[in-house]
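The values are calculated or read from the model by the stated rules, or taken from the named source; none is laboratory data. Note that the structure is predicted; figures quoted are calculated from it, not measured. Backbone-built Cβ (ideal geometry, glycine too); neighbour counts: all protein chains shown. What goes into the accessible areas is simple: the full protein's heavy atoms, side chains included, and nothing from ligands, DNA or RNA. Shrake-Rupley method; radii C 1.70, N 1.55, O 1.52, S 1.80 Å.
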Amino acid sequence: MALTGRTALLAAIGSLPVGILEPSWSGILAVNAPLALACACDAVLAAPVRRLGLTRSGDTSVRLGETADVTLTVTNPSGRPLRARLRDAWPPSSWEPGTETAASRHRLTVPPGERRRLTTRLRPTRRGDRQADRVTIRSYGPLGLYARQGSHQVPWTVRVLPPFTSRKHLPSKLARLRELDGRTSVLTRGEGTEFDSLREYVPGDDTRSIDWRATARHSTVAVRTWRPERDRHILLVLDTGRTSAGRVGDAPRLDASMDAALLLAALASRAGDRVDLLAYDRRVRALVQGRASGELLPSLVNAMSTLEPELVETDARGLTATALRTAPRRSLIVLLTSLDAAPIEEGLLPVLSRLTQRHTVLVASVADPYVARMAASRGNPEAVYAAASAAQAQAERHRTAEQLQRHGVTVVDAPPEDLAPALADAYLALKAAGRL
């Protein structure tokens, strides 16, 4: 039960003249007794809260930055009309700051035996599962003096998926892929390429590509052309250890790595390659295997939506062993991790040969654009010292990248907004060179 502000106001207005003209308890009681009786009648006439029926429907998933509508249906089985205020509670990260009050609070009137629908519009600010909390209803009587209040648990979960902002680069990368994959044949042959067709020899062609049997059957010299091989296996490995928790701009490194992985997965699946995902720090956090092309992206975004960086050092030996079990035959292993010197030199480099002797390895890392701005700053002693510190950090990353390249690893190091297209370009370059 709850008294309203209207009740308090009427009590104050009625008690004020009594206190001025004839201050006595009997006078105050004479004024407020009718008000108390009116409150009791109002409480009796208010629709009961516990008997209300509440159900949910609506969106179950939404991309980060977009809106999701969840509908709450309120059924009034009593014989009294429901006049109520309702609060549909969700975690604070379900709305942008400052919009929760307007989005979660509703007024409604439900006649006896009828139902009404209310829509709560969510705009989540973080990935993961957002679970509905209690629905609190305050039912008022016809006079608005007294109210009944109660809460209901109405479960509902909205999964917030990665935003996949890099999908804007997909058309240009697909156009480049079409040039490589069958639409335009290439004469140069690399390891793992497929035969495409025969054409007439022109001066400057590699004589090793001449098909002598075809030449014997025709009056002209014929040469073979090649195209990048399809049905290759790509394993995307997300490092979810402590280095992925570092924030670059407004988001952790893990978010930029996931965005780059999604673009590469979309591009590779269009190229006819098979793509799997492994997220690992000290144990497997997510594993997506054997998905068809049409199911790949939904499976990846669903698996990535609940991933969060773990504040532990990544077990490089365990990651390598798990990657080898996940990719038993020759594959392209794309490791999205950091280029910090200590984790690479002490963790990855000692076990890197186990990967490179069987697979093609590509390491992608998120660079901090703020460090580049620091390195270019001048004008006062503080800025010069900051520039020296940034230059030292950049030199360490370059040395780490060179160490990986000496082991035959392709390295991509780019800011968050450039990492996804740079990784896609590296994949296309490997495919064009026949190294997959």
>> I'd like the accessible area for His169: 1.4 Å probe, protein heavy atoms, all chains in place, Å² to the nearest 10.
In response: 50 Å²
> Gap in Å between the Cα centre of the stretch 358-381 and the Cα centre of the stretch 402-436?
Replying inline: 15 Å
>> What does the extension gain come out to for Glu346 and Asp205, with contour length at 0.36 nm per residue minus their alpha carbon separation?
In response: 46.0 nm
>> If DNA, RNA and ligands are ignored and the probe is 1.4 Å, what is the ranking of Arg282, Arg253 by accessible area, most exposed first?
In response: Arg282, Arg253
> For the chain, which whole-number percentage of the solvent-accessible area (1.4 Å probe, protein heavy atoms only) is attributable to carbon and sulfur atoms?
Replying inline: 52 percent
> Got the relative contact order for the stretch 306-436 handy, in percent, Cα pairs under 8 Å and 6 or more residues apart?
Replying inline: 27 percent
> Kirkwood hydrodynamic radius (Cα pairs, Å) of the chain?
Replying inline: 27.0 Å
>> With both bridge residues required to lie in the chain, what share of the DSSP beta bridges run antiparallel, to the nearest 5%?
In response: 70 percent
> Could you give the Stokes-Einstein D for the stretch 108-166 in µm² per second, using the C-alpha Kirkwood radius, 37 °C, 0.692 mPa s?
Replying inline: 220 µm²/s
> Can you pull the percent of Cα pairs in the stretch 223-315 with separation above 22 Å?
Replying inline: 34 percent
>> Over the chain, with a Gaussian network built from C-alpha contacts below 10 Å, which listed residue (Ala89, Ala175, Ala68) shows the highest mean-square fluctuation?
In response: Ala175
> Taking a probe of 1.4 Å, how large is the accessible area per residue of the chain, in Å²?
Replying inline: 50 Å²
> Around Ala414, with a cut-off of 14 angstrom between Cβ atoms, what is the net charge of the other residues, counting Lys and Arg +1 and Asp and Glu -1?
Replying inline: -4
>> Please report the accessible area of Glu396 (heavy atoms, 1.4 Å probe, ligands and nucleic acids excluded) in Å², nearest 10.
In response: 80 Å²
> Using only the Cα atoms of the stretch 70-142, what do you get for the radius of gyration and for Dmax, in Å?
Replying inline: 13.8, 44
> Among residues other than Arg167 whose Cβ falls under 11 Å from its Cβ, what is the net charge (Lys/Arg +1, Asp/Glu -1)?
Replying inline: +2
> Over the Cα atoms of the stretch 312-399, what Rg and Dmax result, in angstrom?
Replying inline: 17.1, 56
>> At a threshold of 8 angstrom on Cα-Cα distance, excluding pairs fewer than six apart, so keeping six or more, what relative contact order does the chain reach in percent?
In response: 13 percent
> Between Ala303, Ala102, Ala420, which gets the highest mean-square fluctuation from a Gaussian network model of the chain, Cα cutoff 10 Å?
Replying inline: Ala102
>> If Rh is defined by the Kirkwood formula over all Cα pairs and Rg also comes from Cα, what ratio Rg/Rh do you get for the stretch 46-109?
In response: 1.03
>> Please check: in the Gaussian network model of the chain (C-alpha springs, under 10 Å), which one of Arg127, Arg107, Arg317 has the largest mean-square fluctuation.
In response: Arg107
